[in-house]
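Each remark here refers to the structure printed beneath this line.
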């Protein structure tokens, strides 16, 4: 009898800890598992839920994601990676100190960004949802009166702040070196390139969050992320060039091909910022498309917003 009473008391205490009003974060699955970062976000989200503040819930989740990324050294690592590649390319480019030399360096940085930034963004975001589910973080948070959509949005916003900051700092260091070398004549065009690079990273971060929401395991999410990188960075442009060369499609079809790839939109923005024209390959296609800067910016924003909206819809149907 005494043993049964003690067992019931322990079970009752575990249940109380998992459902207490201060946002307890221990998962009841036969034992107690502390979720990294779960307590602070659960407490804050619970308070925001009690006050009925949707913005407060979003802010708490985003802030916690940001803190966890900084604490895990992701922010420092990504900043250092971008700075190392950008500085190396800038320092050893061998371009002369002329406007043409400046444009060549920035064009080379744009090529680097097309390959590197999407890969880093996908690596940073592919476990945003499925990874938190495996650690028990989502179960603790979804037990609270917090919208699942806000959880996904807050997660994306927190990681987006980290990625955008790392991109600006990493490529900004190379930009400062270019300004010392070439003066402020190219400042405006470099800012345009930098903002486009941030947009490119956020677009692929959104795709990574969507893949993480759709996948049931981290390995599946990683596979989807790698497929997305290979398609948008390597395959799409080659396929588009083949279609254009073989069938000479109308301008509307060419425009659709450009807008259907965030890297194509970024390249068009980079060419526009530099006032350059392409004479070969897909660069010529981008130039001939004749898209305005406003249309390109709107397309890049759509590539950021639409995947997050789809992830928000998918998380509501996800069974934990």
- Could you say which residue among 167, 219 is over 15 Å from residue 312 (Cβ atoms) and either without any contact (Cβ under 8 Å) to a residue 60 or more places away in the chain or in contact with a strand residue (DSSP E or B) (Cβ under 9 Å, 6 or more places away or on another chain) (or both)? 219
- Query: Can you tell which of 256, 313 is modelled with pLDDT under 90, within 25 Å of the chain's Cα centre (by Cα) and surrounded by fewer than 16 Cβ atoms within 10 Å (Cβ to Cβ)?
  - Reply: 256
- Test residue 282 against the stated conditions and say whether it is modelled with pLDDT under 85 and either on the phi < 0 side of the Ramachandran plot or surrounded by fewer than 18 Cβ atoms within 10 Å (Cβ to Cβ) (or both). yes
- Query: Can you tell me which of 122, 178, 141 is more than 30 Å from residue 100 (Cα to Cα), modelled with pLDDT under 95 and assigned to a helix (DSSP H, G or I)?
  - Reply: 141
- Task: Name the residue, out of 56, 131, 88, 101, that is surrounded by 15 or more Cβ atoms within 10 Å (Cβ to Cβ), assigned by TED's automatic domain parsing to the domain that holds residue 215 and under 18 Å from residue 176 (Cα atoms).
- Result: 101
- Query: Taking the stated definitions as given, is residue 167 in contact with a helix residue (DSSP H, G or I) (Cβ under 9 Å, 6 or more places away or on another chain), closer than 30 Å to residue 309 by Cα and in a helix (DSSP H, G or I)?
  - Reply: yes
- For region 100-109, does any single residue satisfy the condition of being under 15 Å from residue 194 (Cα atoms), in a helix (DSSP H, G or I) and free of Cβ contacts under 8 Å to residues at least 40 places away in the same chain? yes
- Inside region 144-164, can you point out the residues that are buried (at least 17 other Cβ atoms within 10 Å of the Cβ) and outside any helix (DSSP H, G or I)? 144, 146, 147
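The values are calculated or read from the model by the stated rules, or taken from the named source; none is laboratory data. Every value quoted in this text rests on a predicted model; they were computed, and no experiment measured them. Note that each Cβ is placed from the backbone with ideal geometry, even for glycine, and that neighbours are counted across all protein chains shown.
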